[in-house]
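The values are calculated or read from the model by the stated rules, or taken from the named source; none is laboratory data. Since this is a predicted model, take the numbers as computed values, not measurements. So basically every Cβ, Gly included, is an ideal-geometry build from the backbone, and we count neighbours across all protein chains shown.
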Amino acid sequence: MILRHCAGGVVFYANKVLLLKNDRNEWTLPQGRITDGGLPNDSAVLTVKEETGIDANVIEVAGDTMYEFFSRTRQKQVTNAIIWYIMDTKDTNYILKDEFIDGGFYKVKDALDMLTHNKEKSLVEISYKKYKDLKKKSLEGEMSI
């Protein structure tokens, strides 16, 4: 079995979240391997940029997940250990990498129905609550200045 350390982003724009549909027809979140010597948060930002063209900013750690799958190219089991980050962006103009067949920003309530994996559904739900709280605190901080 191969163990891959990965990082990904739960990228929000207002009440929408960025989803991708992979070549297995699974709706998922952008994530990829952490490059040698790279920091997880930098890898997450880079992955979002490479997969979608979106410039996203890390706000906070969202959590982590692990899952196994059978790699068709390697012909063996792979375990992905992913650290996720809550991110936001000011731009929703995306360009999908060739490995994805669909994607975009979807209202969070719709995205929860679209996501294929329950772990990612929970991750988006919890991250959106944190995101709204952080945005509210940020606005309150600006108003008190």
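Among what's in region 95-126 and is of a type in the set (S, T, N, Q) and more than 20 Å from Glu51 (Cβ to Cβ), pick the residue that is farthest from the chain's Cα centre (by Cα). Once the filter is applied, the top-ranked residue is Asn118.
Residues in region 7-30 that are at pLDDT 95 or above and part of a strand (DSSP E or B): 15 in all. Selection of region 29-53 for residues being aliphatic (A, V, I, L, M) and either in contact with a strand residue (DSSP E or B) (Cβ under 6 Å, 6 or more places away or on another chain) or free of Cβ contacts under 8 Å to residues at least 24 places away in the same chain (or both) yields Leu29, Ile34, Leu39, Ala44, Leu46, Val48.
Quick one: would you say Asn15 is within 15 Å of Val124 (Cα to Cα), touching a residue at least 12 places away in the same chain (Cβ under 8 Å) and not acidic (Asp, Glu)? Against the criterion (within 15 Å of Val124 (Cα to Cα), touching a residue at least 12 places away in the same chain (Cβ under 8 Å) and not acidic (Asp, Glu)), Asn15 qualifies.
Among the conditions (1) in contact with an Asp or Glu (Cβ under 8 Å, 6 or more places away or on another chain); (2) of a type outside the set (Phe, Trp, Tyr); (3) under 18 Å from Thr52 (Cα atoms), Thr92 misses just one, which is (1).
Looking only at residues in region 107-132 that are under 10 Å from Val17 (Cα atoms) and in contact with a Lys or Arg (Cβ under 6 Å, 6 or more places away or on another chain), the one that is surrounded by the fewest Cβ atoms within 10 Å (Cβ to Cβ) is Lys107.
Once region 1-50 is narrowed to residues that are of a type in the set (Asp, Glu) and over 18 Å from Gly103 (Cβ atoms), the residue that is surrounded by the most Cβ atoms within 10 Å (Cβ to Cβ) is Asp42. Taking region 83-107 as the search range and keeping residues that are out of contact with any Phe, Trp or Tyr (no Cβ under 6 Å at 6 or more places or on another chain) and among the β-branched types (Val, Ile, Thr), which one is nearest to Lys135 (Cα to Cα)? Only one residue tops the list, namely Ile83.
Listed here are the strands (runs of 3 or more DSSP E) enclosed by region 48-145 that have at least 3 residues being of a type in the set (S, T, N, Q): 57-71, 76-88. All conditions but one from (1) modelled with pLDDT of 95 or more; (2) touching a Phe, Trp or Tyr at 6+ places or on another chain (Cβ under 7 Å) apply to Asn80; the one that does not is (1). Scan region 21-44 and give yes if some residue there is out of contact with any Ser or Thr (no Cβ under 8 Å at 6 or more places or on another chain) and among the hydroxyl-bearing types (Ser, Thr, Tyr), otherwise no. Scanning region 21-44, I find no residue that is out of contact with any Ser or Thr (no Cβ under 8 Å at 6 or more places or on another chain) and among the hydroxyl-bearing types (Ser, Thr, Tyr), so the answer is no.
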